[in-house]
Amino acid sequence: MLADRPPFEDLYRDYLGRIYAYIRAQVSSSADAEDITAQVFMNAYQAYGRFEARNTSPVAWLFRIARNATTDHFRAHGRRERLRRTIEHQPLAFDDPSHMAEERLQYRALLDHVARLPERQRDSIALRHSGLTFEEVGVLMSCTEDAAKMLYHRGLKALRDSVHKEGE
């Protein structure tokens, strides 16, 4: 095992939760997210012998595999619904049913706004909020770190503008 390449078991243990969360943020069911996550780690395990840490970080490499697996999932199912989360995935305020209902409505509205963003902006936001650095986002999206920052910030601005415009 190369010194700059951690044991695969460490990668699995350290990044399983983050990879699952990234995928779960994009697919409509936890079952699909679990299946895709399993596929990601199976693909990663099979390719780990060819992984070279000098080309990319292990986490960026795993997220590239996750991004590709998620894209393959949408292609296979003929839909491009991105960053869709089910309401039950969100934390709930158990003390006030009216507050819970309002939060669900606001969350659905926000998801509708996110779904209208261009795909690269949605991807940059999802990857960044999955804990990747802008450099890692840029590598995964085949662009520079500065371009990744621009995509992210333009996406957030478009999201803010869209939400603000609807609120008027």
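Taken one residue at a time, the phi angles of the stretch 122-134 give Karplus couplings (6.51, -1.76, 1.60, θ = phi - 60°) of 4, 4, 5, 5, 5, 5, 5, 6, 8, x, 7, 6, 4 Hz. Gly and Pro are set to x.
A straight line joining the Cα centroids of the stretch 100-168 and the stretch 46-76 runs 21 Å.
Ellipsoid fit via the Cα gyration tensor, the stretch 1-59: semi-axes of 24, 11, 10 Å, each the root of five times an eigenvalue, largest first. Estimated from the Cβ-Cβ distance and a Förster radius of 30 angstrom, the FRET efficiency linking F8 and A31 is about 0.75. Remark: spin-label model distance A101-A21 equals 3.1 nm, labels positioned 7 Å along the Cα→Cβ axis. Coupling constants for the stretch 148-157 follow from the phi torsions by the Karplus curve (6.51 cos²θ - 1.76 cosθ + 1.60, θ = phi - 60°), and in residue order they are 5, 4, 5, 4, 4, 5, 5, x, 5, 5 Hz; glycine and proline get x. The calculated FRET efficiency for the pair A53 and C143, based on their C-beta separation and a Förster distance of 22 Å, comes to about 0.55.
Any read-out appearing in this document is the output of simple, stated calculations on the displayed coordinates, not a laboratory observation. A quick note: this is a predicted structure, and the numbers were derived from the prediction, not measured. So basically every Cβ, Gly included, is an ideal-geometry build from the backbone, and we count neighbours across all protein chains shown.
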